[in-house]
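Data block below; observations after.
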Amino acid sequence: MSDDLTAYRLLMADVYELAGESRRTSEALARAEGQTTARWHVLSVVSDGPRTVASAARRLGLARQSVQRVVDDLVAAGQVELRANPDHARAPLVALTDAGSGVLRRLVAASDTDRAAVLRAAGVTAAELEQARAVVRTLVAGLRGA
């Protein structure tokens, strides 16, 4: 086996481990705010403007039905609202409410505090993160083009 294939496999294992650890800490942060990571993700994806459930699902890489269940929970909690969609009467737009914006702000602030502590403890620089990100983005492009 070639060195580059071995290095790729080890990188992927590390990326999965990092994602898992990050997800576990995100779940704890969400729980402290009375949320789930699924709700946090939906709040985040509609924070840049109203979108349909199908559009949110595509952006999150999830099934539309699972995102619909989360949206229903968020509507019941008053954190998002459904608005008429001028382009498609049967697919309303999901938009943040003031309450949802407040929850999202608190989650992001808690996450930023937590992640800043992680970066300090790890001693990782912004330049190193940018270099790692560039490699990951190049690999993503290669996989999509393959």
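The values are calculated or read from the model by the stated rules, or taken from the named source; none is laboratory data. The model shown is predicted, which means the values in this text are computed figures rather than measured ones. Heads up, the Cβs are rebuilt from the backbone with ideal geometry, glycines too, and the neighbour counts pull from every protein chain shown.
Things worth noting here:
- Among the conditions (1) in a loop (DSSP other than H, G, I, E, B); (2) touching a Lys or Arg at 6+ places or on another chain (Cβ under 7 Å), the only one that Val94 does not satisfy is (1).
- Criterion applied to Gln35, Gln68 was being surrounded by 13 or more Cβ atoms within 10 Å (Cβ to Cβ) and either touching a strand residue (DSSP E or B) at 6+ places or on another chain (Cβ under 8 Å) or part of a helix (DSSP H, G or I) (or both), and the one residue passing it is Gln68.
- So Leu60, is it surrounded by 16 or more Cβ atoms within 10 Å (Cβ to Cβ) and under 24 Å from Val136 (Cβ atoms): yes
- Qualifying residue in the stretch 78-85 (condition: loosely packed, with under 12 Cβ neighbours inside 10 Å, in contact (Cβ under 8 Å) with a residue 24 or more places away in the chain and either under 23 Å from Arg39 (Cα atoms) or touching a strand residue (DSSP E or B) at 6+ places or on another chain (Cβ under 8 Å) (or both)): yes
- Any hit, the stretch 20-43, residues being among the β-branched types (Val, Ile, Thr) and over 15 Å from the mean Cα position of the chain (by Cα): no
- Hey, Ala99 without any contact (Cβ under 8 Å) to a residue 60 or more places away in the chain, within 17 Å of the chain's Cα centre (by Cα) and assigned to a helix (DSSP H, G or I) or not: no
- Filter result for Ala19 (modelled with pLDDT under 95, within 27 Å of Val136 (Cβ to Cβ) and either out of contact with any Lys or Arg (no Cβ under 9 Å at 6 or more places or on another chain) or of a type in the set (D, E, K, R) (or both)): yes
- Pairs meeting the criteria (first residue in the stretch 34-62 and without any contact (Cβ under 8 Å) to a residue 40 or more places away in the chain, second residue of a type in the set (S, T, N, Q), beta carbons under 7 Å, at least 6 apart or on different chains) are Thr37/Ser26.
- None of Leu93, Leu82, Leu62, Leu104 is at pLDDT 95 or above, within 15 Å of the chain's Cα centre (by Cα) and over 18 Å from Ala30 (Cα atoms) except Leu62.
- Filter result for Val75 (surrounded by 13 or more Cβ atoms within 10 Å (Cβ to Cβ) and under 17 Å from the mean Cα position of the chain (by Cα)): no
- Of the residues in the stretch 131-144, none is assigned to a strand (DSSP E or B) and surrounded by 14 or more Cβ atoms within 10 Å (Cβ to Cβ).
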